[in-house]
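Chemist: Please find one structure pasted underneath; my questions will follow.
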Amino acid sequence: MTRTPSVPGADVVAQVGGWDHNDTNVFNRELSWLAFNARVLQLSSDTEVPLLEQIRFLAIFSSNLDEFFQVRVSGLQDQQAAGISTPASDGRLPAEQLALVRDIVTDLVAEQERVLVHEIIPALREQGIELSSWHDLDDDDQAGLSERFRDRIFPVLTPLAVDPGHPFPYVSDLSLNLAVVVRDPRDDRELFARVKVPNTLPRWLRIGDTDRFVPLEEVIAAHLDQLFPGMEVQEHHAFRVTRNADLSDALDEADDLLSAVEYELRRRRFGRATRIEVGSSMTDELLDLLIGEFDLDPSAVYVARTPLDSTSFNEIADIERPALRWPEWKGVVDPRLQPDDEPVDIFSEIRAGDVLVQHPYESFSRSVVEFIYQAAADPDVLAIKI
């Protein structure tokens, strides 16, 4: 909390820190974690950080926030549902913590959107990197993406409509989806449909050989008429659901760890929804439908004015522009593990004395990986446990 307002984003960090003021000497665990993630977000607007690393920090911020809702917010919601009336160490009840989390996250996401729109996107454009919208593309660009849609995207899409014979489809954790309303011109009946944006394809589609990109969901949305032949597409909006992924206490007490992990993976897949993110264009009627289907409180709704799921910005951060990224780090090799002509016998070195390595400063591949490789190839080794 010591950084001055002259530092980009410092006011947001200070504001988050201010939320944790209370009459005890104890910091709240959840609010302290949000203050940490505010510092991650702060790095996205630090001009001393290379540009592509700045947008990567936006992705890291969002990834951290996803896990926060999967584990920590879901834990608070479980406590609230259980009627726990014992306050936390800082004196706050679960409902009070959830209300503060809502306020803080709303402010942080607004700052994330501001940084993206007003700082990073203009800076990327100056470097010839553009994050475009479908409607900003000319006819030739749209034609090229339409051909790619027919060849590569359309075959992996599975639109699911909701009607009396087809219940609301299951929506997996952190998946990006399009909520679509179509009308049957024969009887004017409107139907809800869900189209999952496939995670097997790049989220940001490159336009030709340029460093211009368009979101995959916008390309899909522009071709919804091909997914629903004979129907009229009335509206479409992006949404994303976060589910409870907290580990149960049973995992610590399990006799059979493999069975326990299998159970946890199944439970995570079908976990209770804890948050829904929606595009700002979504109508109240459609939002009410989603809230009801996912059994969510309206306070669990977060409205985004930029593309959902900023973790996808890792794809932009990975493009081949070395001048806009930090130099690749190459760990040093401990002299005892440095081969001359033939690979070092790592077991002989260990017998001669302990080898202490510090990652990431020292090479992981020359130490731990080589240790495992030689152990796996040694006929006298019966098991490898880490």
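Chemist: Any idea what angle helix 51-67 forms with the longest principal axis of the chain, computed on alpha-carbon atoms, 0 to 90 degrees, nearest 10?
Modeler: That helix lies at roughly 80 degrees to the long axis.
Chemist: I've got another one for you. Can you list the HN-Hα couplings for the range 151-167, worked out from phi with the Karplus curve (6.51, -1.76, 1.60; θ = phi - 60°), rounded to whole Hz and with x for Gly and Pro?
Modeler: Here the 3J(HN,Hα) series is 7, 10, 9, 3, x, 9, 8, 9, x, 10, 8, 10, 8, x, x, 9, x Hz.
Chemist: Another question, if that's okay. Of Ser85, Ser146, Ser32, which has the most accessible area with a 1.4 Å probe, and how do the rest follow in descending order?
Modeler: The most accessible residue leads, giving Ser85, Ser32, Ser146.
Chemist: Which of these values of mean projected area of the Cα convex hull in nm² was calculated from the structure shown: (1) 24.3; (2) 27.3; (3) 21.6?
Modeler: (2)
Chemist: May I pose another question? Suppose accessible area is computed on protein heavy atoms with a 1.4 Å probe; arrange Ile129, Ile350 from highest to lowest.
Modeler: Ile350, Ile129
Chemist: Oh, and also: In debye to the nearest 20, how big a dipole does the chain give about its Cα centre with +1 on each Lys and Arg Cβ and -1 on each Asp and Glu Cβ?
Modeler: The dipole magnitude comes to about 300 debye.
Chemist: Multiplying the sequence separation of Arg351 and Arg186 by 0.36 nm and subtracting their Cα-Cα distance, what value in nm do you get?
Modeler: Result for the pair: 51.3 nm of gain on full extension.
Chemist: For the range 124-188 and the range 335-361, compute the distance between their C-alpha centroids and round to whole Å.
Modeler: Distance between centres, Cα-based: 52 Å.
Chemist: Averaged per residue, what accessible surface does the chain expose to a 1.4 Å probe, in Å²?
Modeler: With the other protein chains kept in place, the chain gives 56 Å² per residue.
Chemist: Would you mind telling me the share, in percent, of accessible area of the range 100-251 contributed by carbon and sulfur at probe 1.4 angstrom?
Modeler: The nonpolar share, carbon plus sulfur, comes to 48 percent.
Chemist: Right, next: Give me the percent relative contact order of the chain, please, defined on Cα pairs under 8 angstrom at least 6 residues apart.
Modeler: 16
Chemist: Put Tyr170, Tyr373 in order of accessible area, largest first, 1.4 Å probe: what do you get?
Modeler: Reading off the accessible areas and sorting them downward yields Tyr373, Tyr170.
The values are calculated or read from the model by the stated rules, or taken from the named source; none is laboratory data. Note that the structure is a prediction, hence the values are computed from the model and not measured. When we count neighbours, we look across all protein chains shown, and the Cβ atoms used for this are built from the backbone with ideal geometry, even at glycine. SASA here: full protein model, heavy atoms, side chains in, ligands and nucleic acids out. Shrake-Rupley method; radii C 1.70, N 1.55, O 1.52, S 1.80 Å.
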